[in-house]
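Laboratory data are not the source of any read-out in this text; all were calculated from the coordinates shown. The model shown is predicted, which means the values in this text are computed figures rather than measured ones. Glycine also receives a Cβ, built like all others from the backbone with ideal geometry; neighbour counts cover every protein chain displayed.
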Amino acid sequence: MMLEPKVLICDEPVSSLDVSVQAQILNLLEQTKTEFGLTMIFIAHNMAVVKNISDRVMVMYLGKVCEIAPSRDMENQARHPYSRLLLSSIPDPDVLRGEAEATPTIEGDLPSPLNPPSGCRFRTRCPLATDQCAAEEPLLREVDADHYVACHHV
Ligand code: SF4
């Protein structure tokens, strides 16, 4: 911070911290962002954390962009099957109390990035995959204002 950067890249800054310390670090990052007028790129696997700290969210799978959207859209209107499964993996107190149905989880193993699947890289784990998904790589396209998705079936 002594160099007064314009961009701060935070790579998994809270992944190994317990929840109370996570909250302190996230508050500190928010304050720092505002105080120094920073652009912050926040990299994490925890969607609950990402959607709360970010203005825009980009979801990537095996090195490819699946979806880009404002945070509020990502939370309420995620379109890509991988984004939707990631969001459904956030622990839900109603499910934990047995008061709601558990949502689907991501099945299967992560393929090797050195030998990724043909077409859409998510197809080996996607519940909506078709033959087209194996044959053609889906391109990122705008589906709503400032909302981009790379999927043949959105
Ligand atoms: S392109 Fe096909 S495999 Fe890829 S996310 Fe969309 S439906 Fe699933």
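With the cut-off at under 15 Å, measuring from each backbone N in the range 27-66 to a point 7 Å along the Cα-to-Cβ line of THR103 picks out 46-52. For the pair LEU28 and GLU136, the difference between a 0.36 nm per residue extended length and the Cα-Cα distance amounts to 34.5 nm.
Could you tell me the relative contact order of the range 1-54? Use alpha-carbon pairs under 8 Å, at least six residues apart, and round to a whole percent. Before the final figure, lay out the partial values.
Numbers: 45 pairs, mean separation 26.2, N = 54.
Answer for the range 1-54 is 49 percent.
Within the same chain, lysines fewer than 8 places from LYS33 are excluded, and of the rest, those with a Cα less than 26 Å from its Cα are LYS6, LYS51. Helix 19-36 and the long axis of the chain differ in direction by around 70°, with both axes built from C-alpha atoms.
Simple spin-label estimate for ASN115 and ILE43 gives 2.6 nm between the two label positions (7 Å along the Cα-to-Cβ direction from each Cα).
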